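Chemist: Starting off with a structure, shown below.
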Amino acid sequence: SCEYRLIHKNGSIRWVRDTKTIEFDEHGKLTIFNGVVTDITERKRAEKELLESEGKYRALVEKAGVGILVDDTAGNFIYFNKTFATMFGYSMEEMGRLTFNLLVHPDFLEQGRAEHYNRVHQKASTSQYEFEGIKKDGAVLFLEVDVDALTEENRITGWRSYVRDITERKRAMEAVQESEEKFRTYIESAPDAIFITNAKGCYVEVNRAACELTGYSMSELVGMFIPDLTDPQTSPEDFESFEKLKETGREHAEIRMRRKDGSIIWTSLDAVALSEDRFMAFCSDITETKRLQELESRATRLETAGTIAGQVAHDFNNLLAPLMAYPDFIREDLPRNHPALTYLDDIETSAKKIADINQQLLTLGRRGHYNQQVMNLNTIARHATKEMGTLPDTLICDMELDEQLMNIKGGSSQIHRVISNLLINARDAMQDIGRITLKTENYYVDAVAVKYGRVPKGEYVRLTISDTGCGIPDDIAQKIFDPFFTSKTTDKKRGSGLGLSVVDAVVKDHGGYLDMSTKVGEGTSFYIYFPSTGESTDQRFSDDTVGGNETILVIDDDEMQRDVCIKLLSKLGYNVATANGGEAAIEMVRHNSYDLLILDMIMPPGINGTETFRRIQEINPNQKAIIVSGFSETDKVIEAQKLGAGAFVKKPLIRKTIATAVRTALDRDVTTPVA
């Protein structure tokens, strides 16, 4: 039998199979061929196409990027491609001498592959698993395998595996995991509170600092939304910032956050977008910073308002002088039953009220000066409560005064004003229903942080005035010490807005400290710390208005003030001369002798009272003087007194005050130091 090609009549080539039988005669000689010729052209074409297809398939398998392996159940290789051999660093020839078990890490050989092969056997389907291989150089190789079971008569005879090298992917995953662990460590140890939210503003992850900041546990915080932690008054604006963050990818804001206990704190927030649906925010508590900024702002406002108030009050003092002094003169010239006396009483009463408000303005500007006297706070507290008058049955005022209370130094009228203002505020807050408690005590401060300042270590006399009134809301509590701020809006109770700002100014003038605690619906307490002194109380001046016949020179730049002084002193029997400034006074002293000078401190545009007194002492070293002014710089007053000037008398002048100061100065031995 043989196969060969024939040329067809039409010129085409045909494949045929020729099968012959041979016949021989009796002598063994070939006599005939009997043959059958079959056309096998189509079969030859099919065989050629199959061979070409197998070649293409083999080339595809050999060059595949996936390792292909066929092995029996004992791990002997039946087939593997070049990619598989290259993965492990072997040549085709070297790989042919190995078995699968020699390429696998021992741990997997015992556990992994057996487990997966059993699963394939049970399911008779494809299984996928990972294992660690050992390369020719000993390096570890991470592989991912899809394996099919080869079966024959329902019996597994081997395995067909498709192997992929995932070493780089594994290392990348490990690097990501390590990075995530570092990231997690950083988040947990970060001093700032860290919040991670989704696109809806829901917290999906927080750190320990976030729990400490908000007061919630981690399980409570996760699942909450941004508005759940923000102040109801500001949450819409805060969520608007979150929407802006989603647009820009970065946002900074200062927001008020509500803690679990309901308290409100200020936080500084810096947020960044991690992805389209993940956002991270770093928050820090800036409540103390905000408080200090508010203190600084308040101090600036007080200083500005005080400067203006002091200047206005000084001008008012000059205008008040005749209103305060002349009613006494007019009464002396009128019969006792004259109808105009009633008008004089009204004028005098109004003038005193104006003078009182003016004194508050001076105090606010820290330009109203007073003698530093040793006093006992209990005495002033008793006087202030007594002036409240008869209280209704619905209002109780308790006094808890320490009988062993140490003394303080300062101006009694100023401290009296502080207590009176606080008592009035307490009474108004309760609308005459409730309890006011006034308490004094010796108090030692070690290290106390207070709301409106910090009290240094030392011994103090502490005054506490508490009420059971309505309390002060947070938004108002930040403003109550501002000048001209008042929450009293009715016509009957309308306030000037100077009460607490004056309290603050007076306390600071005395080197003291002010604190406050309040809760809406439960009341308010003010705490004032005055530095204590070991000195004993001084004797008061006599109230008797004793005059004399000495010669007095009044030095003041204001004509009205000079005129008032002339009338007051003349009524007391003194001989009075005047000078409109320091320079004029010096010339008058050169040519005349005066028993006493009454010096105004500020006399623009000329020299001030202290400089005037210094130059006059060059002419007359034994010259006596007292200081009269609406306001002045404290160091200038002290400097003049160190030069030998006597008492300081504040404007507007009244007869008793000026009479006592003048008589005391005239009677003083010039060689006796001024107290």
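Chemist: List pairs: first residue in region 163-177 and over 16 Å from I134 (Cα atoms), second residue in a strand (DSSP E or B) anywhere in the structure, Cβ distance under 8 angstrom, at least six positions apart or on different chains.
Modeler: R169/F142
Chemist: Which members of region 261-276 meet the condition of being more than 18 Å from G215 (Cα to Cα) and among the polar types (S, T, N, Q)? First the steps, then the outcome.
Modeler: First, the residues of region 261-276 that are more than 18 Å from G215 (Cα to Cα): 270-276.
Selection gives S275 alone.
Chemist: Here's something else I'd like to know. Quick check on this structure: which one of E168, E188, E178 is acidic (D, E) and in contact with a helix residue (DSSP H, G or I) (Cβ under 7 Å, 6 or more places away or on another chain)? Step through it out loud before you land on a result.
Modeler: Working: E168 fails: in contact with a helix residue (DSSP H, G or I) (Cβ under 7 Å, 6 or more places away or on another chain); E178 fails: in contact with a helix residue (DSSP H, G or I) (Cβ under 7 Å, 6 or more places away or on another chain).
It is E188.
Chemist: If I filter region 49-92 down to residues being assigned to a helix (DSSP H, G or I), among the aliphatic types (A, V, I, L, M) and modelled with pLDDT of 85 or more, which single residue comes out as surrounded by the fewest Cβ atoms within 10 Å (Cβ to Cβ)?
Modeler: Filtering region 49-92 for residues assigned to a helix (DSSP H, G or I) gives 49-62, 82-87, 92.
Restricting the remaining residues to those that are among the aliphatic types (A, V, I, L, M) gives 50-51, 59-61, 85, 87, 92.
Retained after the next criterion (residues that are modelled with pLDDT of 85 or more): 85, 87, 92.
Working: A85: 21, M87: 21, M92: 13.
So, considering only residues that are assigned to a helix (DSSP H, G or I), among the aliphatic types (A, V, I, L, M) and modelled with pLDDT of 85 or more, the one surrounded by the fewest Cβ atoms within 10 Å (Cβ to Cβ) is M92.
Chemist: Please give the strands (runs of 3 or more DSSP E) falling wholly within region 130-216 in which 2 or more residues are among the basic types (K, R).
Modeler: 156-165
Chemist: Is there any pair linking a residue in region 17-45 that is closer than 14 Å to R5 by Cα and touching a residue at least 24 places away in the same chain (Cβ under 8 Å) to one that is open to solvent by less than 90 Å² (accessible area, probe 1.4 Å) and not in a strand (DSSP E or B), with Cβ under 9 Å and at least six apart or on different chains, and which?
Modeler: Filtered contacts from region 17-45: T41/S12.
Chemist: Suppose the filter is closer than 19 Å to I424 by Cβ, at pLDDT below 80, hydrophobic (A, V, I, L, M, F, W, C) and part of a loop (DSSP other than H, G, I, E, B); does F541 pass it?
Modeler: Values: closer than 19 Å to I424 by Cβ: no; at pLDDT below 80: yes; hydrophobic (A, V, I, L, M, F, W, C): yes; part of a loop (DSSP other than H, G, I, E, B): yes.
Here the answer is no, as F541 does not meet what is asked.
Chemist: What about I419, is it more than 18 Å from G471 (Cα to Cα), modelled with pLDDT of 90 or more and not charged (D, E, K, R)? Lay out the reasoning, then the answer.
Modeler: Numbers: more than 18 Å from G471 (Cα to Cα): yes; modelled with pLDDT of 90 or more: yes; not charged (D, E, K, R): yes.
Criteria met by I419.
Chemist: Out of the residues in region 561-584 that are part of a strand (DSSP E or B) and open to solvent by 10 Å² or more (accessible area, probe 1.4 Å), which is farthest from S629 (Cα to Cα)? I'd like the intermediate steps shown before the answer.
Modeler: In the first step, residues of region 561-584 are kept if they are part of a strand (DSSP E or B); the result is 575-579.
Within this subset, residues satisfying the condition of being open to solvent by 10 Å² or more (accessible area, probe 1.4 Å) are 575-578.
On the way: N575: 21, V576: 18, A577: 18, T578: 16 Å.
Of everything passing the filter in region 561-584, N575 is farthest from S629 (Cα to Cα).
Chemist: Considering only residues that are aromatic (F, W, Y), in contact (Cβ under 8 Å) with a residue 24 or more places away in the chain and touching a Phe, Trp or Tyr at 6+ places or on another chain (Cβ under 7 Å), which ones fall in region 191-235?
Modeler: Of all residues in region 191-235, those aromatic (F, W, Y) come to 195, 203, 216, 225.
Then drop every residue that is not in contact (Cβ under 8 Å) with a residue 24 or more places away in the chain, which leaves 195, 216, 225.
Result: F195, single match.
The values are calculated or read from the model by the stated rules, or taken from the named source; none is laboratory data. The model shown is predicted, which means the values in this text are computed figures rather than measured ones. Reconstructed Cβ throughout: ideal geometry from the backbone, glycine too, with neighbour counts over all protein chains shown. Side chains are part of the model used for accessible areas, which takes the heavy atoms of the whole protein and leaves out ligands, DNA and RNA. Shrake-Rupley method; radii C 1.70, N 1.55, O 1.52, S 1.80 Å.
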